[in-house]
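What follows is one structure encoded as structure tokens, with my remarks underneath.
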Amino acid sequence: MDIRLYEKTLQRAFRLLSYKGRTVAEMRRRLLEKEWADTETVEQVVSRLLELNYLNDEEYAINYVNSRLAVKPLGPVRLRRDLQRRDLPPATVEATMADAFAEKSEESLLTATIQKRIRLKGHPTDRASRHRLMAYLLRRGFSYDLVLAKLAELG
């Protein structure tokens, strides 16, 4: 093992972590981007970061979900897809989703999203505006049936 290469890779990892939290897979990918990096050294650095608890996929997923739900509520479909895009293990994704939606129901998040959208854009008055609202809610990841039911309640 080349100790200088290990130190250089470790310093790069710390620099990457100083900007934002990262998943194990993301860190591995980012470290391997450099032409001087080799797989063995990257694996040693990732192991060390896991040992020091600088990398923790479960904690990352929980923090990500909580911040997303606090800032702009998302439905479970979109949230699950966003977590999967971050290359988190499937078991971590499912456990995090179960915890997140045990605390807050999809229906309450949808209601809050609709109310905020109506405050900003006004109440949907015609078919086109209802369609735009529905498309917006579906893009936010809420389930189709629930969106239809909530829009029917709006009248």
(request) Report, by residue number, each residue of the range 124-135 that is outside any loop (DSSP other than H, G, I, E, B) and open to solvent by 100 Å² or more (accessible area, probe 1.4 Å). (result) Arg127, His131, Arg132
(request) Among the residues of the range 80-100, count how many are within 11 Å of the chain's Cα centre (by Cα) and open to solvent by 30 Å² or more (accessible area, probe 1.4 Å). (result) 6
(message) Which residue is surrounded by the fewest Cβ atoms within 10 Å (Cβ to Cβ), if the candidates are limited to the range 1-52 and must be closer than 25 Å to Val65 by Cβ and polar (S, T, N, Q)?
(response) Ser18
(request) Go through (1) under 14 Å from the mean Cα position of the chain (by Cα); (2) within 30 Å of Arg4 (Cβ to Cβ); (3) open to solvent by less than 40 Å² (accessible area, probe 1.4 Å) and name the single condition Val65 misses. (result) (2)
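Run down Val71, Val77, Val147 and say which single residue is open to solvent by 40 Å² or more (accessible area, probe 1.4 Å), of a type in the set (A, V, I, L, M, F, W, C), over 30 Å from Arg15 (Cα atoms) and within 23 Å of the chain's Cα centre (by Cα).
Val77
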(message) So, restricting to helices (runs of 4 or more DSSP H) that lie completely within the range 27-123, which ones have at least 3 residues that are under 29 Å from Met134 (Cα atoms)?
(response) 57-71, 76-85, 90-103, 106-121
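The values are calculated or read from the model by the stated rules, or taken from the named source; none is laboratory data. Model, not experiment: these values are computed from the prediction. Neighbour counts are summed over all protein chains in view; Cβ atoms, including those assigned to glycine, are modelled from backbone coordinates with ideal geometry. Calculation scope for accessible area: heavy atoms of the full protein, side chains included, ligands and nucleic acids excluded. Shrake-Rupley method; radii C 1.70, N 1.55, O 1.52, S 1.80 Å.
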